[in-house]
Amino acid sequence: MSFAEGYVDVATRLVEFREKHPEGCLQPQEPYEPIRLITVGERVYLQYIACAYRTPDDPRPGIGIAWEPYPGKTPYTRDSEAMVAETSAWGRAIVAALAADTKRGIASREEVQNRSGDPLAAAKARAWGALKKRKPDEDNDALTEFTKAALEARGSSLADASAATWNQLAQEWEAA
């Protein structure tokens, strides 16, 4: 598998973060100085430290740090170093908050959600795991669409399905 194959980009992680934590937000650790210049030897970097707050009063947000070489070394990063550092830090903070993964398959959705202590997250993880066993050759997008259809048939959605609904799906999929 190549590096890019299975990589979950920051845009996708942002969507996953919003789905899992609709009241959450991303903020710089130091709002009044979000970018700092760091010099190591003769090299200069822009540093951005991001916090992924799952709730407005999250006592332990996910923290992500990014250092971007300054000036940028490619046509894509030159003159965009601050934005690249910010986006990179956001992606890392979301991963640190256990709201997304950087690659499919490193830590499964089930493993992360089962450790959260959240009954709804555990029920979702159980259903997702049962579905993956039932349809092992399907990719995550196909499984998500299948799950959406199953929930809609019950008059629910990914966003508002209860733990009981997810557990019912899991039972059905485990029995199949």
Give the range 126-167 a look and list any residue that's closer than 27 Å to R54 by Cβ, in a helix (DSSP H, G or I) and aliphatic (A, V, I, L, M), or say none.
-> A127, A130, L131, L143, A150, L151, A163, A164
Test each condition in (1) within 17 Å of T12 (Cβ to Cβ); (2) loosely packed, with under 15 Cβ neighbours inside 10 Å; (3) at pLDDT below 70 for T102 and report the one that comes out false.
-> (2)
Answer with yes or no whether S88 is among the polar types (S, T, N, Q), at pLDDT 75 or above and assigned to a helix (DSSP H, G or I).
-> yes
Taking A123 as the residue in question, decide whether it is modelled with pLDDT of 75 or more and in a helix (DSSP H, G or I).
-> no
Report whether or not A163 is surrounded by 13 or more Cβ atoms within 10 Å (Cβ to Cβ), under 23 Å from the mean Cα position of the chain (by Cα), closer than 21 Å to K20 by Cβ and touching a residue at least 40 places away in the same chain (Cβ under 8 Å).
-> yes
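Based on what the data block shows, is E110 modelled with pLDDT of 90 or more and either among the aliphatic types (A, V, I, L, M) or in contact with a Phe, Trp or Tyr (Cβ under 7 Å, 6 or more places away or on another chain) (or both)?
no
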Would you tally the residues in the range 60-88 being loosely packed, with under 11 Cβ neighbours inside 10 Å and under 19 Å from the mean Cα position of the chain (by Cα)?
-> 1
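Per-residue answers, yes or no, for (1) at pLDDT 90 or above; (2) among the aliphatic types (A, V, I, L, M):
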| residue | (1), (2) |
| --- | --- |
| D9 | no, no |
| T12 | no, no |
| H21 | yes, no |
| P28 | yes, no |
| Y32 | yes, no |
| R36 | yes, no |
| G41 | yes, no |
| A52 | yes, yes |
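The values are calculated or read from the model by the stated rules, or taken from the named source; none is laboratory data. These figures come from a predicted structure and were not determined experimentally. Positions of Cβ are generated from backbone atoms using ideal geometry, with glycine treated the same way; all protein chains shown enter the neighbour counts.
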